[in-house]
Amino acid sequence: MSSAIRRALLFMPGDDRKKIEKASSLGVDSVIMDLEDGVALNNKPAARETVAHALREVSFGRSERLVRLNPTSQIDWCEEDFDHTIAGRPDGYVLPKVESAADIATVDGWLTTAEQVHGWPHGSIALIAIVETALGVVNLREIAGAAKRLQALAFGAEDLAGDMGATRTLEGWEGFYARSAVVTYAKAFGLQALDTPFIDVKADESLLVNDAERAMQMGYTGKLAIHPRQILPLQQVFTPTAAQIDRARRLIAEHDAQQAAGVGVFTFEGKMVDMPMIRAAQSVLSRARAAGIRV
Ligand code: COA
Ligand code: MG
C-alpha cells in the first residue's frame, strides 16, 4: 500500500475543537488529533468525545486525519481512545512510546477486527509508530517489521531525552544516535521517516528550517509540527526545489547517455558520478512526484 505524503504533520490537543477546526483549513499534509501528552489527565474522556465528533463533522480537505492514542503501556486508556474514535474512520493512528513489535501488534489487531466489522478494506487504516524511549530505539528492528500497515516511524527527541536523563540542546547531538537509527531502520523496512517536532514555536523561522534541513539531509521525508506557522516552511523543506529537480533530471539523462555508450562512471559538474548518485537523483524525483510535481 502506498503511503500518503507526510512532509508536515500538525499536532493539536484532542480536546481543543477550535484548533482542530483551524488545522483542517491550513492545507497541512496531516492533522494529528492528540489524545496523549497534549491532553490533561482529567480531560481524556472529553478529548475522546471531541475527536470522535470532529472526525464525523469536520471536513479536512486534502489533509490526512490521524489520531494519536495513549501508549499501550496505558492499555486501558489506549483501548478507550481507539474504541471512541474508530467509528469516525480516521486515516490512521499514531502510537507513541512504541517499544516492541507486540505494541504494534496490539493496535494492528484492533484495526484488523474493526476493518472486518465495518467492511473497510483490510489494511486501509495506517499506523505510525513514534520511537521515543531507549528501549524503543534498541528494539527498532522488530518494531519496523511488526505490521504491514505500519507506514512510518517517527522520532521523538523530547521524550527520549527524558527517558535517558539527557539534556536537550538546539543542535540535538544528545539524540543523534536515535535520530540516525530511526531513519536507518525506517528505510531498511521501506517506511517513511518523520522527524521530531521543533518545540520553540516563537523562535526565528531559520532555526526550524535548519533543523528540518538536517533531518532531510539524513533521509527524513517529513517532520512533526506543533504550530500552524511551522507548516509552510516544513512542506517547503521536504519538497525538492525546481533547481534540485532540474539537476536530478539532467544527471539521470547524462547517466543514460553514458550507459548507452558503455560508460559506468563519469564526471558531472566536476564531481564523480556512479550509481549511488543516480539513486539519490531518482529519490529527488520520487519526492517531487509525491508532492504532486510533474517531473
Ligand atoms: N493546531 C491548530 N491551531 C493552532 C495550533 C495547533 N497546533 N497552535 C496554535 N494554533 C492556533 C491558535 O489557536 C491561534 O488561533 P487564532 O488566531 O484563530 O486564535 C493561532 O493558531 C495562533 O496561536 P498562538 O497564540 O501563536 O499559539 P498559542 O499560544 O495559542 O498555543 C501551543 C501555543 C504550543 C499551546 C499550541 O501551538 C499547541 O497547542 N500546539 C500543539 C501542542 C500539542 O499538540 N502537543 C502534543 C504533541 S507534541
Ligand atoms: Mg512523546
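The values are calculated or read from the model by the stated rules, or taken from the named source; none is laboratory data. These figures come from a predicted structure and were not determined experimentally. When we count neighbours, we look across all protein chains shown, and the Cβ atoms used for this are built from the backbone with ideal geometry, even at glycine. When the accessible area is computed, the model is the full protein with side chains, heavy atoms only, and any ligands, DNA or RNA have been set aside. Shrake-Rupley method; radii C 1.70, N 1.55, O 1.52, S 1.80 Å.
Here are a few things to note about the model shown:
- The set of residues in the stretch 2-37 being among the polar types (S, T, N, Q) and crowded, with 23+ Cβ neighbours inside 10 Å consists of Ser30 alone.
- Within this structure, Met272 passes the test of being out of contact with any Pro (no Cβ under 9 Å at 6 or more places or on another chain) and without any contact (Cβ under 8 Å) to a residue 24 or more places away in the chain.
- Subset of the stretch 222-235 [of a type outside the set (A, V, I, L, M, F, W, C), surrounded by fewer than 24 Cβ atoms within 10 Å (Cβ to Cβ) and either outside any helix (DSSP H, G or I) or without any contact (Cβ under 8 Å) to a residue 24 or more places away in the chain (or both)]: His227
- Unique match (being farther than 17 Å from Glu158 by Cβ and not assigned by TED's automatic domain parsing to the domain that holds Met272) among Gln217, Gln259, Gln230: Gln217
- Yes/no for Ile130 being within 16 Å of ligand 2 (Cβ to nearest atom), in the same structural domain as Glu79 (by TED's automatic domain parsing), among the aliphatic types (A, V, I, L, M) and touching a residue at least 24 places away in the same chain (Cβ under 8 Å): yes
- Hey, Ala40 more than 16 Å from ligand 2 (Cβ to nearest atom), out of contact with any Gly (no Cβ under 6 Å at 6 or more places or on another chain), small (Gly, Ala, Ser) and modelled with pLDDT of 95 or more or not: no
- The set of residues from the stretch 140-192 being part of a loop (DSSP other than H, G, I, E, B) and either of a type outside the set (Gly, Ala, Ser) or within 13 Å of Lys97 (Cα to Cα) (or both) comprises Lys148, Arg149, Gly156, Thr167, Arg168, Thr169, Leu170, Glu171, Phe189, Leu191.
- Here Val39, Val28, Val98 are screened, and the one residue that is in contact with a helix residue (DSSP H, G or I) (Cβ under 6 Å, 6 or more places away or on another chain), within 12 Å of ligand 1 (Cβ to nearest atom), closer than 30 Å to Met164 by Cα and not in a helix (DSSP H, G or I) is Val39.
- Scanning the stretch 126-151 for residues that are within 14 Å of Gly92 (Cα to Cα), away from ligand 1 (no atom under 16 Å from the Cβ) and under 15 Å from the mean Cα position of the chain (by Cα) returns Ala126, Leu127, Arg149, Leu150, Gln151.
- Residues of the stretch 188-210 satisfying the condition of being crowded, with 16+ Cβ neighbours inside 10 Å and either without any contact (Cβ under 8 Å) to a residue 40 or more places away in the chain or of a type in the set (Gly, Ala, Ser) (or both): Ala193, Phe198, Leu208, Val209
Results for (1) in contact with a Ser or Thr (Cβ under 9 Å, 6 or more places away or on another chain); (2) of a type outside the set (A, V, I, L, M); (3) modelled with pLDDT under 95, shown as yes or no for each residue.
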| residue | (1), (2), (3) |
| --- | --- |
| Gln116 | no, yes, no |
| Gly119 | no, yes, no |
| Thr133 | no, yes, no |
| Asn139 | yes, yes, no |
| Gly145 | no, yes, no |
| Leu150 | no, no, no |
| Ala154 | yes, no, no |
| Glu158 | yes, yes, no |
| Ala161 | yes, no, no |
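- In the stretch 70-77 there is no residue matching the filter, namely being of a type in the set (D, E, K, R), under 17 Å from Ile20 (Cα atoms) and more than 16 Å from ligand 1 (Cβ to nearest atom).
- Scanning the stretch 249-260 for any residue that is among the small types (Gly, Ala, Ser) and open to solvent by 80 Å² or more (accessible area, probe 1.4 Å) turns up at least one such residue.
- Single residue of the stretch 6-18 satisfying the filter (of a type outside the set (A, V, I, L, M, F, W, C), away from ligand 2 (no atom under 16 Å from the Cβ) and touching a helix residue (DSSP H, G or I) at 6+ places or on another chain (Cβ under 9 Å)) that is farthest from Ala291 (Cα to Cα): Asp15
- All positions within the stretch 155-178 that are within 16 Å of ligand 1 (Cβ to nearest atom) and of a type in the set (D, E, K, R): Glu158, Asp159, Asp163, Arg168
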